[in-house]
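*Asks:* Pasting a structure here, questions to come.
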Amino acid sequence: MKLLFTTIILFLTIASFSQEEDFTELDDNQSFGRWDLGLNFGLYMPSNYHAKFYDGSASNVNNINYVFDNKYWYQDIYNELNAADTVLVLELPGNMRYRPAFQVGIYFRRTFDNLMGFSLQFDYSKLYASDKFTMQVDPDYIATEPDIRIYDIWGVEERINIDILFSRFFKLDNPMYMPFFEAGLNVTSTKVKEHKIKIEDLQYSLVDVYLNGSYVPGMTQNEYDIYQGGIGFGFTAAAGIKLRFNKQVSIDPGIRIYYQNINLENYDLMKPAFAFFIRLGLADFFGSDE
């Protein structure tokens with residue numbers, strides 16, 4: 001949050017140096033076509049369909065059996081839970097979900113005198129998907145029934161949304177307010193950063209860093225940097241209103257809809273996602289065409 005406020009202050013400072021000394025009243029007929037630079041801030045709400053990649057099921061590339069099938073890890077878990085007979089996974093997550101994520105980015109836009117234009121923007125988000133799984137434990141006590149325990153499973157990923165957009169602005173009687181609509185191609189770069197479970201004080205990654213080998217304590221083993229994710233394609237559209245405070249500075253709140261493919265193994269279908277955003281726009285940042 002401190003970074004957000006610092007960025008906004010720096011942006012407005014740059015904007016203040018770009019303004020004319022006298023804030024000329026906005027003219028509805030003034031030329032609007034220039035190269036613009038802006039910063040995006042928003043709330044990204046991805047489709048929870050792709051969060052199922054992290055639910056640990058046997059059909060997924062990262063699955064919970066990877067941990068429990070290792071006899072050394074199983075013994076550690078068995079001891080940690082103070083079990084007397086058996087330890088087993090009872091139920092996997094049924095509601096794996098992403099948290100809404102902060103989105104920050106930058107855009108470049110060329111708008112022509114007919115109020116049509118095109119833009120290129122890059123938005124970064126760090127996503128966190130989580131849920132619970134249950135285990136059945138036979139405890140180390142006489143004449144006790146098996147008990148059910150609940151533990152955390154989660155995944156962390158980074159996404160960069162790259163949008164190539166065509167836009168159209170609309171004039172109102174008051175030139176300070178300009179509604180806009182934009183649509184275009186979405187390219188999404190996804191990278192899985194973490195996929196883990198936690199059982200009491202033990203944490204295990206579900207990513208097979210041994211490439212189908214098996215962890216053996218005390219043995220020297222190669223661990224590999226496993227890349228999961230990739231490039232996906234889709235479409236995006238947005239609508240909002242441009243609030244023009246002078247010839248250079250504007251704030252553009254809006255809402256965006258994505259229909260995107262996220263490149264996660266077995267979960268790469270096209271699904272909708274949404275974002276609420278505010279842009280801080282600086283017109284003629286690269287100089288006027290006149």
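The values are calculated or read from the model by the stated rules, or taken from the named source; none is laboratory data. Because the structure is predicted, anything quoted here is derived from the model rather than measured. As a convention, Cβ positions derive from the backbone with ideal geometry for all residues, glycine included, and neighbour counts pool all protein chains shown.
*Asks:* Just for segment 207-259: of the residues that are out of contact with any strand residue (DSSP E or B) (no Cβ under 8 Å at 6 or more places or on another chain) and either among the aromatic types (F, W, Y) or assigned to a strand (DSSP E or B) (or both), which one is farthest from G105 (Cα to Cα)?
*Replies:* Only one residue fits best here, namely Y215.
*Asks:* Another question, if that's okay. Under the condition of being farther than 21 Å from Y227 by Cα and out of contact with any Pro (no Cβ under 8 Å at 6 or more places or on another chain), which residue from segment 252-264 is modelled with the lowest pLDDT?
*Replies:* For segment 252-264, the residue satisfying everything is D252.
*Asks:* Can you go through L92, L127 and tell me which one is on the phi < 0 side of the Ramachandran plot and within 23 Å of the chain's Cα centre (by Cα)?
*Replies:* L127
*Asks:* Being aromatic (F, W, Y) and either more than 17 Å from Y258 (Cα to Cα) or buried (at least 16 other Cβ atoms within 10 Å of the Cβ) (or both) is the filter here, so list the residues in segment 175-210 that pass it.
*Replies:* Y177, F180, Y204, Y210
*Asks:* Of all residues in segment 169-217, which are under 19 Å from the mean Cα position of the chain (by Cα) and over 20 Å from L120 (Cα atoms)? Outline the logic, then answer.
*Replies:* So the first thing to find is which residues in segment 169-217 are under 19 Å from the mean Cα position of the chain (by Cα), and the list is 185-196.
Within segment 169-217, K191, V192, K193, E194, H195, K196 qualify.
*Asks:* Oh, and also: Of the conditions (1) touching a helix residue (DSSP H, G or I) at 6+ places or on another chain (Cβ under 7 Å); (2) outside any strand (DSSP E or B), Y204 satisfies every one except a single condition; which number is it?
*Replies:* Just one mismatch for Y204, condition (2).
*Asks:* Moving on. Among the residues of segment 104-122, what is the count of those that are touching an Asp or Glu at 6+ places or on another chain (Cβ under 9 Å) and either polar (S, T, N, Q) or over 21 Å from F169 (Cβ atoms) (or both)?
*Replies:* 5
*Asks:* Would you pick out the residues in segment 37-58 that are hydrophobic (A, V, I, L, M, F, W, C) and in a loop (DSSP other than H, G, I, E, B)?
*Replies:* A58 - this is the single residue of segment 37-58 that is hydrophobic (A, V, I, L, M, F, W, C) and in a loop (DSSP other than H, G, I, E, B).
*Asks:* Report yes if L10 is surrounded by fewer than 18 Cβ atoms within 10 Å (Cβ to Cβ), part of a helix (DSSP H, G or I) and modelled with pLDDT under 95, otherwise no.
*Replies:* Answer is yes for this residue.
*Asks:* Does Y128 satisfy the criteria of being modelled with pLDDT under 95, aromatic (F, W, Y) and under 19 Å from F274 (Cα atoms)?
*Replies:* Details: modelled with pLDDT under 95: no; aromatic (F, W, Y): yes; under 19 Å from F274 (Cα atoms): yes.
It is false that Y128 is modelled with pLDDT under 95, aromatic (F, W, Y) and under 19 Å from F274 (Cα atoms).
*Asks:* If you take the residues in segment 144-164 that are under 12 Å from L88 (Cα atoms) and surrounded by 14 or more Cβ atoms within 10 Å (Cβ to Cβ), which one is nearest to the chain's Cα centre (by Cα)?
*Replies:* Restricting to residues being under 12 Å from L88 (Cα atoms) and surrounded by 14 or more Cβ atoms within 10 Å (Cβ to Cβ), the top hit is R149.
*Asks:* For the structure I just gave you, tell me whether Y267 is in contact with a Pro (Cβ under 7 Å, 6 or more places away or on another chain), within 30 Å of A58 (Cα to Cα) and surrounded by 14 or more Cβ atoms within 10 Å (Cβ to Cβ). First the steps, then the outcome.
*Replies:* Working: in contact with a Pro (Cβ under 7 Å, 6 or more places away or on another chain): no; within 30 Å of A58 (Cα to Cα): yes; surrounded by 14 or more Cβ atoms within 10 Å (Cβ to Cβ): yes.
Spelling it out, it is not the case that Y267 is in contact with a Pro (Cβ under 7 Å, 6 or more places away or on another chain), within 30 Å of A58 (Cα to Cα) and surrounded by 14 or more Cβ atoms within 10 Å (Cβ to Cβ).
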